[in-house]
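The values are calculated or read from the model by the stated rules, or taken from the named source; none is laboratory data. Remember, predicted model here, so these are calculated numbers, not experimental data. Cβ atoms come from the backbone with ideal geometry, glycine included; neighbour counts cover every protein chain shown. Calculation scope for accessible area: heavy atoms of the full protein, side chains included, ligands and nucleic acids excluded. Shrake-Rupley method; radii C 1.70, N 1.55, O 1.52, S 1.80 Å.
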Amino acid sequence: MSSSSPDPSISDLDKLLNAFSQITSIQSLTDILAAFGLLHMPPAQQYGILFGCLTFTFTVIAVVTLLYFGGSFQRIEEQAKSGESMTAPDSVTQRKYRPLLLERLLEEREWMIQTNYSSVTDAKQLANASMQDDEFTNLTKMLMTIAPSDKSTMSQDYEANYIRAYKRCQDKPGGPILGGRPNHRFEAYARAYAGCGSHTALSYRWSYARMYESMAGKSHESDERFTSLYQERPHDIIGKTCRLEPLLASRHSKELWEITSGNAWKEHRGYNPEEVWGFLDCGPFQNVQALSESEVFKLEHNAAGFAIVESITDRLVGVVHLSKDDPKNLSVQLDLPIVKPSSDGSIEQLEACFLLLDRLFAHGYRRIQICVDTLDVRGKRLPQRLGFTQEGQIPKHMIVKEANRDSIIYGMLNSDWDKGARAFLLKKLHGAAFQKADAANVAKEEAAEDQEQKLRDKKGAEAKANKK
């Protein structure tokens with residue numbers, strides 16, 4: 001037997017005591033290495049093992065410290081004393097403590113239900129209800145720009161909002177004042193701000209009003225054009241490249257038929273009308289009357305329709321619909337715009353969708369979806385360009401023109417919109433400089449609003465103190 005073999009007569013307890021006696025005799029790093037049998041290893045391995053041990057020690061200390069100061073030990077002690085279960089909560093308990101919605105969203109939900117659907121109490125009645133010729137649905141009315149002549153609950157605060165915005169723009173106009181028109185920027189900003197209504201988010205009103213002011217205040221010609229347009233059509237939603245007009249058969253059906261019938265029209269060549277209507281449940285139409293009497297213009301009660309009109313030429317680009325409005329759950333569906341093939345993917349089409357999305361989220365909607373036929377290659381491009389997320393696919397979702405249709409669902413959440421989707425789309429439409437200027441403007445307005453709120457609170461507190 002080798003001299004290095006352990007002595008079988010020595011017990012395990014003696015071996016343990018011998019090891020402890022070696023530890024108490026440690027006086028240097030060399031003694032530590034010798035105690036663990038590492039003295040004859042290469043220096044690199046020695047340092048590696050040493051640093052590994054130090055890392056482990058500091059990690060344990062950090063974890064214990066975080067648990068202590070984080071209150072974990074205290075909670076464990078409290079649970080032990082109260083007899084409360086320390087296991088993970090079940091699904092019912094988790095549902096009980098689910099975070100509640102913001103108070104503003106709940107108020108907007110109640111307001112939309114009362115305003116838009118108070119006369120329709122039955123779900124079946126809502127699904128079957130449709131609007132008469134040249135009659136706007138309540139959803140369309142809610143999204144339209146408010147005019148001072150309107151006699152509705154939405155226009156009650158118009159004057160107060162107008163005065164407030166006018167004074168704000170006087171303090172900080174968005175650009176130089178035109179000669180001979182000292183008030184043109186203030187008036188443009190104020191009517192755009194007040195036109196958004198009191199039920200939209202303040203950040204949206206600031207952004208929309210400043211964009212409108214910048215376009216109207218460029219020159220004398222632009223001021224005259226926007227003033228005239230406001231006098232003739234005060235309810236339109238205005239963008240830089242297009243505007244959204246509330247859809248009317250008497251105004252839009254003829255031109256819509258001309259651009260979607262497939263016939264040659266003005267400088268545009270003829271095309272197969274199935275490129276426009278192939279994936280829809282209606283069309284192509286033989287004449288204007290057939291189009292006017294179709295579901296394109298005869299909307300259901302929980303839908304809305306807008307015509308997309310080019311800003312420069314005043315020509316119709318197409319129409320865009322909203323459907324399946326569900327204010328109880330703050331969700332709605334954006335249907336693919338009906339446009340001529342040459343306008344598919346155009347900046348006007350994208351901005352029309354942006355204008356609707358921005359106003360819908362400003363009203364408090366939490367989710368907007370787009371439903372696309374799985375075979376519609378061109379249709380699937382639009383939600384991707386808008387920044388929507390593909391959520392899933394529904395087989396045998398619909399029967400379209402007596403054939404099966406599978407659908408892909410795309411969704412946009414209000415949280416995604418606020419955290420970057422809006423800025424991404426605004427930059428894509430109008431450039432990085434415009435997007436940065438818009439963000440800076442909203443930040444300045446928020447700071448000014450906070451300051452004004454503090455002053456109002458201070459005055460209120462002083463008034464209460466004086467009464468006492």
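Set the Förster distance to 60 Å, then compute FRET efficiency between C282 and A443 from the Cβ-Cβ distance, nearest 0.05.
0.85
Between E107 and F58, what is the spin-label point distance in nm, taking each point 7 Å from the Cα along the Cα→C-beta axis?
Label at E107, label at F58, 5.2 nm between them.
Around V317, which amide H atoms from residues at least 5 apart in sequence, or from another chain, sit under 5 Å from its own amide H, with H modelled in the peptide plane?
Residues meeting the amide H criterion: I308, V309, E310.
HN-Hα J couplings of region 248-253 from phi, Karplus 6.51/-1.76/1.60, θ = phi - 60°, integer Hz, Gly and Pro as x?
Here the 3J(HN,Hα) series is 9, 5, 5, 9, 10, 5 Hz.
Report, in debye and to the nearest 20, how large the dipole of region 200-273 comes out about its Cα centre when Lys and Arg carry +1 and Asp and Glu carry -1 on their Cβ.
200
Could you give the spread of the C-alpha atoms of region 375-468 along their three principal axes, from largest to smallest, in whole angstroms?
Principal-axis extents of region 375-468 (Cα, largest first): 75, 37, 19 Å.
Rounded to the nearest 5, what is the percent of antiparallel bridges among the DSSP beta bridges in the chain? Mind dumping the intermediate values first?
Values: 35 of 38 bridges.
Among the beta bridges of the chain, antiparallel pairing accounts for roughly 90 percent.
Note down the magnitude of the dipole of the chain about its Cα centre, charges +1 on Lys and Arg C-beta and -1 on Asp and Glu C-beta and zero elsewhere, to the nearest 20 debye.
1160
Calculate the FRET efficiency for R164 and K266 from the Cβ-Cβ distance with a Förster distance of 60 Å, rounded to the nearest 0.05.
Using R0 = 60 Å, I get an efficiency of 0.85.
So I have (1) 43, 36, 20; (2) 65, 20, 18; (3) 63, 33, 25, and one of them is semi-axes √(5λ) of the Cα gyration tensor in Å calculated from this model. Which one is it?
(3)
Starting at the first residue of region 170-182, write each ³J(HN,Hα) from the Karplus equation 6.51 cos²θ - 1.76 cosθ + 1.60 with θ = phi - 60°, in whole Hz, x for Gly and Pro.
Going residue by residue, I get 4, 5, 9, x, x, x, x, 8, 6, x, x, 9, x Hz, with x marking Gly and Pro.
Given H placed on each backbone N at 1.01 Å, which residues far from H397 in sequence or on other chains put an amide H within less than 5 Å of it?
Here the answer is R405, D406, S407, since their amide H atoms fall under 5 Å of that of H397.
Could you give the length gained on full extension between Q94 and T313, defined as 0.36 nm per residue of separation minus the Cα-Cα distance, in nm?
73.2 nm
Let me cross-check D450: its accessible surface, 1.4 Å probe, with only protein heavy atoms counted, in Å² to the nearest 10?
90
Got a sec? Which residues in region 177-211 would a label at R456 touch, if it sits 7 Å along Cα→Cβ and we count backbone N under 13 Å?
In region 177-211, the label zone of R456 (backbone N under 13 Å from the point 7 Å along Cα→Cβ) covers 202.
Counting only protein heavy atoms and using a 1.4 Å probe, what share of the accessible area of the chain belongs to carbon plus sulfur, as a whole percent? Walk me through the numbers on the way to the answer.
Details: 14990 of 27170 Å².
Carbon and sulfur: 55 percent of the exposed surface of the chain.
Using a 1.4 Å probe, how large is the accessible area of E295, given in Å² and rounded to the nearest 10?
Taking all protein chains as shown, E295 has close to 110 Å².
If the limit is 23 Å between Cα atoms, which of K167/K218; K328/K427; K141/K298; K380/K401 go over it?
Long pairs (Cα-Cα over 23 Å): K328/K427.
Over the heavy atoms of F388, what accessible area does a 1.4 Å probe trace out, to the nearest 10 Å²?
Roughly 20 Å² of F388 is accessible to a 1.4 Å probe.
If amide H atoms are built 1.01 Å from N in the plane of the peptide, which residues on other chains or at least 5 residues away come under 5 Å of the amide H of H268?
none
As an exercise, take the mean of 1/r over every pair of distinct alpha carbons in region 257-399, invert it, and state the Kirkwood radius in angstroms.
Numbers: mean 1/r = 0.0617 Å⁻¹.
So the Kirkwood estimate lands at 16.2 Å.
Would you mind computing the Rg to Rh ratio of region 294-345 from its alpha-carbon coordinates, Kirkwood style for Rh?
Values: Rg = 12.8 Å, Rh = 12.2 Å.
The Rg/Rh ratio comes out at 1.05.
At 1.4 Å probe radius, can you tell me the per residue accessible area of the chain in Å²? Could you put the intermediate results ahead of the total?
Working: 27170 Å² over 468 residues.
For the chain, the solvent-accessible area averages 58 Å² per residue.
With label points built 7 Å along Cα→Cβ from the Cα atoms of A432 and L67, find their separation and express it in nm.
Placing both labels 7 Å along Cα→Cβ, they lie 4.9 nm apart.
May I ask for log10 I(q)/I(0) of region 131-235 at q = 0.20, 0.24 Å⁻¹, from a Debye sum over the Cα atoms as equal point scatterers with solvent left out?
Result of the Debye calculation: -1.01, -1.33.
Using the Karplus equation 6.51 cos²θ - 1.76 cosθ + 1.60 (θ = phi - 60°), what ³J(HN,Hα) coupling, rounded to whole Hz, does each residue of region 187-204 give in order, writing x for Gly and Pro?
So the J values, rounded to whole Hz, are 5, 5, 4, 5, 6, 6, 5, 5, x, 6, x, 8, 9, 9, 5, 4, 4, 5.
How far is it, in nm, from the label point at E258 to the one at H220 when both lie 7 Å from their Cα along the line to the Cβ?
3.3
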